[in-house]
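Participant: Take this structure first; my questions come after.
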Amino acid sequence: MSSGDLRLLTVDRRLINVKSHATHCTVGDPEVVRVTVRRSRKTRRGSVPVVGLVAAFGLLLAACGSGGSSAEQENGENGAFYQEGDRVEVVVPFSPGGGTDTLARIVAPHLAEELGVEIVVQNKPAGGGVVAVNEFINQTEPDGKTILFSSSSNHIPPIVGQTGVEYAFDDFAPAAGFPIGGVIYSHADSEFTEPEDITGPNQPEQINYSGQPPAGGELRILLMFEMYEADINTALGFEGRGDARLAWEQGEADISYDTTPAYLADVAPLVESGEAVPLMSFGTVEGDELVRDPVFPDLPSPAEVYENAFGEEPSGDAFEAYKALSVATLAMNKGIHLQADAPEAAQEELAAAMEAIGASEEFEKQAEAELGGTPLLLGPDVENAWNAMAEVDSESSEVQWLIDWLAETYDVSVDEMSD
């Protein structure tokens, strides 16, 4: 490479052409060297601190020079695990447009700023979200450079022992969680415009429903249909709620649901325009009671709808199974993780970054607008919520009934449970 060759130095998202004085440079792409310097919070937006420029040129010279080991170049000098210019992949085990994908794209910019790295969101839909999580635990290098955003569709399969699940709760190091609910809705011009319309005694016609595989997040609404003795025709197997919602928008389904982030982003505008009608929320559990979701206080809980339709409080196997799984589907609906064997420094820095994000006024305002004010579980709270899922008794009568029901009703293959 001649001294007259141009190279690109990326500083604070702006490209600055510089003359390279190195005669040989083999680090990364031989034609382009990119170094990202995070903007100081004390500088005006768009400005480049002098210290940042000096650091960037230093990194460029280190990358193209002959001195220094590769470990020194990678780790930097500040002792932090995550370094400026690191590329961190965020894995979403579902297709774009669903609640987990929406949440990941809300959090990712804040995470990139706190860690000082480049964040790349990757959607990896397959097997109802199980395939990507299997890969994350068993094939992805636990080097701290891959972060998983999980959902209840990933949390429930190991509880019921679904065949093909190759991970357990103690394989994860959760850094944060979200107790996210959701809303069930219909077309405004359909036969299902009141909550009681989807219950057996009141439904005007068979319900067409499209969703993901039944052993994940779909369990909530499928158990509700069972509890309501509803007559339904299901098309299951979509790789994400975004795909299922598209089927609903195209008229292939009468009823659909979304978790809070996707509902507020994509369905609430349809409600405002008169195209969709919210029927109920999934509620939340307080003690042994299924009550209204505080994010949607005007929408009835599944228990209220049952009582209005049947004239008595809900009971039965489906209702008990719904409550038993609420810790996985509601108390910690979404999670942010590294692998349990990832470097301790990476786990600590990711947890600290999420703590900082949770304390940020900017994120708080965004969470209020786009997540309905859903609280962020951190520290002991996220550990307790995650451990509570791990402690769900797979031998309990509720879970055993659920396993049998899934096999008989939806032909879901599960492994024989053992102590």
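The values are calculated or read from the model by the stated rules, or taken from the named source; none is laboratory data. This structure is a prediction, so every number in the text was calculated from the model and none was measured. Note that we place each Cβ from the backbone using ideal geometry, even for glycine, and neighbour counts take in every protein chain shown.
Participant: Among the listed residues Ile106, Ile137, Ile147, which satisfies the condition of being among the β-branched types (Val, Ile, Thr) and modelled with pLDDT under 95?
Facilitator: Working: Ile137 fails: modelled with pLDDT under 95; Ile147 fails: modelled with pLDDT under 95.
It is Ile106.
Participant: Report those strands (runs of 3 or more DSSP E) wholly inside segment 82-154 carrying at least 3 residues which are out of contact with any Lys or Arg (no Cβ under 8 Å at 6 or more places or on another chain) and either of a type in the set (Ser, Thr, Tyr) or not assigned by TED's automatic domain parsing to the domain that holds Thr260 (or both).
Facilitator: Working: elements: 87-92, 118-123, 146-151.
Because the criterion is at least 3 residues that are out of contact with any Lys or Arg (no Cβ under 8 Å at 6 or more places or on another chain) and either of a type in the set (Ser, Thr, Tyr) or not assigned by TED's automatic domain parsing to the domain that holds Thr260 (or both), the strands (runs of 3 or more DSSP E) in segment 82-154 that meet it are 118-123, 146-151.
Participant: Of everything in segment 311-330, what is outside any helix (DSSP H, G or I) and of a type in the set (A, V, I, L, M)? Give them in sequence order. Full working, then the answer.
Facilitator: The first filter runs over segment 311-330 and keeps only residues outside any helix (DSSP H, G or I), leaving 311-316, 325.
Answer for segment 311-330, where residues must be outside any helix (DSSP H, G or I) and of a type in the set (A, V, I, L, M): just Leu325.
Participant: Can you name the residue in segment 75-105 that is of a type in the set (A, V, I, L, M, F, W, C) and crowded, with 18+ Cβ neighbours inside 10 Å and, of all such residues, is nearest to Asp266 (Cα to Cα)? Give the steps one after another, and end with the answer.
Facilitator: Step one: filter segment 75-105 for residues of a type in the set (A, V, I, L, M, F, W, C), giving 80-81, 88, 90-92, 94, 103-104.
In the following step, the residues that additionally are crowded, with 18+ Cβ neighbours inside 10 Å were identified as 81, 88, 90-92, 94, 103-104.
Working: Phe81: 37, Val88: 27, Val90: 22, Val91: 22, Val92: 18, Phe94: 17, Leu103: 13, Ala104: 15 Å.
Of everything passing the filter in segment 75-105, Leu103 is nearest to Asp266 (Cα to Cα).
Participant: Moving on. Which residue pairs have Cβ atoms closer than 6 Å, lie 6 or more positions apart in sequence or on different chains, and pair a first residue in segment 193-219 that is over 16 Å from Tyr306 (Cα atoms) and outside the structural domain of Pro157 (by TED's automatic domain parsing) with a second residue that is aromatic (Phe, Trp, Tyr) and crowded, with 21+ Cβ neighbours inside 10 Å?
Facilitator: Pairs that qualify, where the first residue is over 16 Å from Tyr306 (Cα atoms) and outside the structural domain of Pro157 (by TED's automatic domain parsing) and the partner is aromatic (Phe, Trp, Tyr) and crowded, with 21+ Cβ neighbours inside 10 Å, are Gln212/Phe238.
Participant: Sticking with this one: Quick one: which of Gly287, Gly211 is at positive phi and not charged (D, E, K, R)? Step through it out loud before you land on a result.
Facilitator: Details: Gly211 fails: at positive phi.
When all the criteria are applied, what remains is Gly287.
Participant: With respect to Ala340, determine if the residue is in contact (Cβ under 8 Å) with a residue 60 or more places away in the chain, aliphatic (A, V, I, L, M) and assigned by TED's automatic domain parsing to the domain that holds Gly200.
Facilitator: Values: in contact (Cβ under 8 Å) with a residue 60 or more places away in the chain: yes; aliphatic (A, V, I, L, M): yes; assigned by TED's automatic domain parsing to the domain that holds Gly200: no.
Criteria not met by Ala340.
Participant: For segment 227-256, enumerate the residues that are under 23 Å from Pro158 (Cβ atoms) and either in a loop (DSSP other than H, G, I, E, B) or at pLDDT 95 or above (or both). Spell out the reasoning first.
Facilitator: Of all residues in segment 227-256, those under 23 Å from Pro158 (Cβ atoms) come to 236-241, 244.
Gly237, Phe238, Glu239, Gly240 - these are the residues of segment 227-256 that are under 23 Å from Pro158 (Cβ atoms) and either in a loop (DSSP other than H, G, I, E, B) or at pLDDT 95 or above (or both).
Participant: Further question: Hey, can you tell me all the residues within segment 273-309 that are aliphatic (A, V, I, L, M) and outside any helix (DSSP H, G or I)? Break it down stepwise before answering.
Facilitator: Within segment 273-309, the first condition is being aliphatic (A, V, I, L, M), and the residues that meet it are 276-277, 279-280, 285, 290-291, 295, 299, 303, 305, 309.
Across segment 273-309, the qualifying residues are Ala276, Val277, Leu279, Met280, Val285, Leu290, Val291, Val295, Leu299.
Participant: Next question, about the same structure. Answer yes or no as to whether Ile357 is surrounded by 19 or more Cβ atoms within 10 Å (Cβ to Cβ), assigned by TED's automatic domain parsing to the domain that holds Val107 and not in a loop (DSSP other than H, G, I, E, B).
Facilitator: When the stated conditions are applied, Ile357 passes them.
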